[in-house]
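Heads up: the structure comes next, in structure tokens.
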Amino acid sequence: IKMALSEVEAIAGSNEEPNFKNTIDALSRSGKILQQVSNVFFPLYHAESNSQMQEVARDVAPMLADFQNDIVFNPLLFDRVKCVYSQGKNLPLNQEESTLLEKTYKMFVRNGAGLHQSVQDQLREIVRELSSLTVQFTDNVLAETNNWYLHITDESLS
């Protein structure tokens, strides 16, 4: 998470004029190691969870929520994304690049990047709580699934 956040902060704090390559493309390529680790851990957590994995998930979920919030609510980063987005029609982008630009900008806006700071603070807490509740829900479903059994005494029903 620290590595990924430092990559994002480098993009946000760049002194270069924002453009597609140094902002949108760089942002899409940031956090690859974190993504790889998440892509291994969370499917295993959902498919073959145990108490250790559940504990890790409970610890990591709020950290990942904070990480996502730190990206979305970074005003320098959002300013760079807005700058590139406002130039979008005039940029020589192919279809994939145009789609990435559009989706990146909308991700920021839809997740509250343009909201007032006090509302962002509220949203930050909601996202963090939701991440913890999601893990708790998953753990509850797993516990109920593991505790359920069907005892059939009538052999004709089996």
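The values are calculated or read from the model by the stated rules, or taken from the named source; none is laboratory data. Computed from a prediction, not measured in an experiment: that's the story for all the values here. With ideal geometry, Cβ positions are generated from the backbone for all residues, glycine too; neighbour counts draw on all protein chains shown. Surface accessibility is based on the protein's heavy atoms, side chains included, excluding ligands, DNA and RNA. Shrake-Rupley method; radii C 1.70, N 1.55, O 1.52, S 1.80 Å.
What number of residues in region 1-16 are touching a residue at least 24 places away in the same chain (Cβ under 8 Å) and assigned to a loop (DSSP other than H, G, I, E, B)?
Of the residues in region 1-16, the ones touching a residue at least 24 places away in the same chain (Cβ under 8 Å) are 1, 3-5, 7-9, 11-14.
So of that shortlist, the ones also assigned to a loop (DSSP other than H, G, I, E, B) come out as 1, 13-14.
Within region 1-16, residues that are touching a residue at least 24 places away in the same chain (Cβ under 8 Å) and assigned to a loop (DSSP other than H, G, I, E, B) number 3.
When region 23-48 is examined, which residues are found to be open to solvent by less than 30 Å² (accessible area, probe 1.4 Å) and either of a type outside the set (A, V, I, L, M, F, W, C) or not in a helix (DSSP H, G or I) (or both)? Across region 23-48, the qualifying residues are T23, S30, G31, S38, Y45.
If I filter region 141-150 for residues that are free of Cβ contacts under 8 Å to residues at least 40 places away in the same chain, over 30 Å from V37 (Cα atoms), among the hydrophobic types (A, V, I, L, M, F, W, C) and out of contact with any strand residue (DSSP E or B) (no Cβ under 8 Å at 6 or more places or on another chain), do I get at least one hit? Yes, some residue in region 141-150 is free of Cβ contacts under 8 Å to residues at least 40 places away in the same chain, over 30 Å from V37 (Cα atoms), among the hydrophobic types (A, V, I, L, M, F, W, C) and out of contact with any strand residue (DSSP E or B) (no Cβ under 8 Å at 6 or more places or on another chain).
Once region 88-118 is narrowed to residues that are assigned to a loop (DSSP other than H, G, I, E, B) and in contact (Cβ under 8 Å) with a residue 60 or more places away in the chain, the residue that is surrounded by the most Cβ atoms within 10 Å (Cβ to Cβ) is L93. For region 116-155, which positions are of a type in the set (S, T, Y) and over 17 Å from M63 (Cβ atoms)? Answer for region 116-155, where residues must be of a type in the set (S, T, Y) and over 17 Å from M63 (Cβ atoms): S118, T145, Y149, T153. Within region 20-38, residues that are polar (S, T, N, Q) sit with their Cβ atoms under 6 Å from residues that are open to solvent by 100 Å² or more (accessible area, probe 1.4 Å), at 6+ positions apart or across chains, in these pairs: N22/E16. Does A65 satisfy being within 30 Å of N22 (Cα to Cα), outside any helix (DSSP H, G or I) and open to solvent by less than 30 Å² (accessible area, probe 1.4 Å)? When the stated conditions are applied, A65 does not pass them.
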